[in-house]
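A quick write-up on the structure given underneath.
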């Protein structure tokens, strides 16, 4: 029997990694991050427990890679559904809405992902291949929108989206989606009706009133 070629081996490795990431999202969606073990993930993926450690350096890195993969898959699918002649504004609106709705559709996954990023004891933000693919999609959307510096603008958009997701997910202090979306759309001068508006009209934005003189 002839040995498998390197291309076949690489495809098998990619397939195994994807199965592990998909299983991670499914289990964390159902049970939460703390209650999901690497053994559970391997069993759900139909792979040996040792392969988890072979492909990912710990549960935290697997979780972040799995979330980044979920994000870029959802984003790719949402952009592919747009008409071929969709405007750059429509593409950016769709990208923003896709990420915000992921927080609503997969709250346990997104809360866990953000908590791992924000916890200094766990190592912070991971720039893995899945994250790089997500970043490439967002930068391409920003180039079409007209960003003069797509790399810098991507960093700003990424931070704004993270803040928006935190807003809708913050336990016992959630902010409704419409004002968060309205703030992001205003930042990029996007019409409210583009993308997936959560309500027919944009919420009213109260005018800021400067404080009066302090009583002496």
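What follows is calculated from the coordinates using simple rules that are stated; it is not laboratory data. As the structure is a prediction and not an experimental result, all values here were calculated from the model. For neighbour counting, all protein chains shown are included, and Cβ atoms are generated from backbone atoms with ideal geometry for every residue, glycine included.
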How big is the C-alpha Rg of segment 4-79 next to the rule-of-thumb value 2.2 N^0.38 Å, as a ratio?
-> 1.12
Simple spin-label estimate for residue 158 and residue 76 in nanometres, 7 Å along Cα-Cβ = 1.9
By per-residue mean of other Cβ atoms within 10 Å, what is the highest-first order of 146-154, 34-42?
-> 34-42, 146-154
In this structure, the FRET efficiency calculated for residue 43 and residue 143 from their beta-carbon separation, with R0 = 45 Å, to the nearest 0.05, is 0.60
Which part of segment 68-98 falls in the paramagnetic zone of residue 193, meaning amide N under 13 Å from the point 7 Å along Cα-to-beta-carbon?
-> none
Likely footprinting exposure, 128, 85, fewest C-beta neighbours within 10 Å first = 85, 128
Using only helices, what value at 222 nm comes out for the chain when you add -39,500 (n - 2.57) per DSSP H run of length 4 or more and divide by the total residues, to the nearest 500 deg cm²/dmol?
-> -21500 deg cm²/dmol
What is the distance in Å between the Cα centres of segment 46-105 and segment 165-189?
-> 19
Footprinting proxy, 106, 31: sorted fewest to most Cβ within 10 Å, the residues are 31, 106
Of the residues 162, 21, 12, which exhibits the maximal mean-square fluctuation in a Gaussian network model of the chain defined by a 10 Å Cα contact cut-off?
-> 12
Rg in Å to one decimal, and Dmax rounded to a whole Å, for segment 59-187 via C-alpha atoms | 14.3, 46
Taking 143, 168 and counting other C-beta atoms within 10 Å, the order from fewest to most | 143, 168
Convex hull volume of the Cα atoms in the chain, per residue, in Å³?
-> 191
